[in-house]
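See below for the structure under consideration.
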Amino acid sequence: MVGGRSSRSSDTLVASRVVPELPDLVILEEAFQAALVGRPLVAWDAPQSLVVRGTSSEIAALVQVPLDRVERRGKFITLGFGVDRVVVNPMLTGRLGLGTPGSKALSQTAVVLTFGPRRGAAPRRSGGSRGSASWTAGADWMPPDDAMVELRYRDPTRMGKVYVLPHGVSRSVAGWDEQGPDADDAGFVLEAWRARITRHSGELKGLLKNQAFVAGIGNGYSDEVLWAAGLAPFRKRSSLAPEEVDALYTAMREVMRWAIDELRRRVPPRFEIEMRDFLRVHRKGGSGCPRCGTTVSQISPGGFVTSWCRGCQR
Ligand SMILES: [Zn+2]
């Protein structure tokens, strides 16, 4: 049956990929903030225009406007041009990276934003709750201030979207309004977590991946958070004791901080590749649990890998 076969293989293609999650996107936010803020947009090219939500006149109005901020929310990256914004949702297969104009782009590059030389001094980060981006100083990938640089968006399946959002234009960004608080949001305190979690049922892994409950966690980091909390992925939320609810919150916060710090140290020259080899349980099926030594279990329904330890996750 040709139809079934083809849809199954495309599912596998999508599911076998590593998907960007909150820690990956924090790294992009910090890197692009350091590399691009203070530079004017000088050109916008969309070889795959289907991923763009916006009109050519809206895009033309952004040219020569300097980028003044890069922000992350959930699994979205926002580029700020004064009161106007460009929001990128990479979904499963979209990837953002930097390139030198004239250098070969990766295949399936969908949108290229070219930025001009930086005007004035490099942006000074305020520090911020995440300790900001001192790791970016002097990095190999940092473009010189007087050079042009491209922000390239690649998306083999074109499932992701690039939204142009001029001030005053109402254009819905799929998935944005439904988001719960970010997993690393300083204002998302334990009391708020306790109140939110009672409104959701189902298995813990699905709960953590539900962007309406908490934003930014996907298939990989949900496994890491559950391992850190000592909770099994298929436990029902309703079965959790109060101290387990609290332990899950603590684990989520710790895993986000830990992973962001690890990624800052490990970021490769190409931002399109997610670094995951340092994770403790996700995709580590068959190896020993770093906590108790039990062989890590792994299943991959629909191609999405779930890994956990039967020895120490209850
Ligand atoms: Zn274990």
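Of all residues in segment 163-211, those satisfying the criterion of being aromatic (Phe, Trp, Tyr) and free of Cβ contacts under 8 Å to residues at least 60 places away in the same chain are Phe188, Trp193. State the number of residues belonging to segment 192-216 that are under 23 Å from the mean Cα position of the chain (by Cα) and among the polar types (S, T, N, Q). Residues in segment 192-216 being under 23 Å from the mean Cα position of the chain (by Cα) and among the polar types (S, T, N, Q): 2 in total.
Evaluate segment 267-274: report whether one residue or more is in a loop (DSSP other than H, G, I, E, B) and either aromatic (Phe, Trp, Tyr) or within 16 Å of the ligand (Cβ to nearest atom) (or both).
Yes, segment 267-274 contains at least one residue that is in a loop (DSSP other than H, G, I, E, B) and either aromatic (Phe, Trp, Tyr) or within 16 Å of the ligand (Cβ to nearest atom) (or both).
Please indicate, with yes or no, whether at least one residue in segment 180-202 is at pLDDT 95 or above, surrounded by fewer than 16 Cβ atoms within 10 Å (Cβ to Cβ) and assigned to a strand (DSSP E or B). No.
Would you confirm whether or not segment 214-225 contains a residue that is in a helix (DSSP H, G or I), surrounded by fewer than 16 Cβ atoms within 10 Å (Cβ to Cβ), away from the ligand (no atom under 16 Å from the Cβ) and at negative phi? Even if it seems obvious, please write down each step before you answer.
First, the residues of segment 214-225 that are in a helix (DSSP H, G or I): 219-225.
Now narrow it down to the ones that are surrounded by fewer than 16 Cβ atoms within 10 Å (Cβ to Cβ): none.
No, segment 214-225 has no match at all.
Being touching a helix residue (DSSP H, G or I) at 6+ places or on another chain (Cβ under 6 Å), touching a residue at least 12 places away in the same chain (Cβ under 8 Å) and crowded, with 17+ Cβ neighbours inside 10 Å holds for only one residue in Arg283, Arg264, and it is Arg264.
With Gln298, Gln313 as the choices, which residue is in a loop (DSSP other than H, G, I, E, B), within 16 Å of the ligand (Cβ to nearest atom), among the polar types (S, T, N, Q) and on the phi < 0 side of the Ramachandran plot?
Numbers: Gln298 fails: in a loop (DSSP other than H, G, I, E, B).
Unique residue meeting the criteria: Gln313.
Any residue that is in contact with a strand residue (DSSP E or B) (Cβ under 7 Å, 6 or more places away or on another chain) and farther than 15 Å from Val18 by Cα - is there at least one of those in segment 236-249? Yes, that holds for at least one residue.
Filter segment 142-179 for residues that are of a type in the set (Val, Ile, Thr) and not in a loop (DSSP other than H, G, I, E, B); which is farthest from Ser222 (Cα to Cα)?
Restricting to residues being of a type in the set (Val, Ile, Thr) and not in a loop (DSSP other than H, G, I, E, B), the top hit is Val149.
If I go through segment 200-223 residue by residue, how many of them are more than 15 Å from Asp184 (Cα to Cα) and touching a Leu at 6+ places or on another chain (Cβ under 7 Å)? Qualifying residue count for the region: 4. What about Thr136, is it at pLDDT 85 or above, of a type in the set (Val, Ile, Thr), in the same structural domain as Lys75 (by TED's automatic domain parsing) and farther than 18 Å from Arg69 by Cβ? Taking the combined requirement at face value, the residue does not satisfy it.
What residue, among those in segment 276-290 that are small (Gly, Ala, Ser) and assigned to a loop (DSSP other than H, G, I, E, B), is nearest to the ligand (Cβ to nearest atom)?
If we filter segment 276-290 for residues that are small (Gly, Ala, Ser), which is where we start, we get 285-288.
Narrowing the set further to residues that are assigned to a loop (DSSP other than H, G, I, E, B) leaves 285-287.
Working: Gly285: 13, Gly286: 13, Ser287: 11 Å.
Among residues in segment 276-290 that are small (Gly, Ala, Ser) and assigned to a loop (DSSP other than H, G, I, E, B), the one nearest to the ligand (Cβ to nearest atom) is Ser287.
Return yes when Gly293 is at pLDDT 95 or above, surrounded by fewer than 14 Cβ atoms within 10 Å (Cβ to Cβ), not in a helix (DSSP H, G or I) and not assigned by TED's automatic domain parsing to the domain that holds Gln33 and no when it is not. Yes.
The values are calculated or read from the model by the stated rules, or taken from the named source; none is laboratory data. From a predicted model like this one, the values you see are computed outputs, not experimental measurements. Note that each Cβ is placed from the backbone with ideal geometry, even for glycine, and that neighbours are counted across all protein chains shown.
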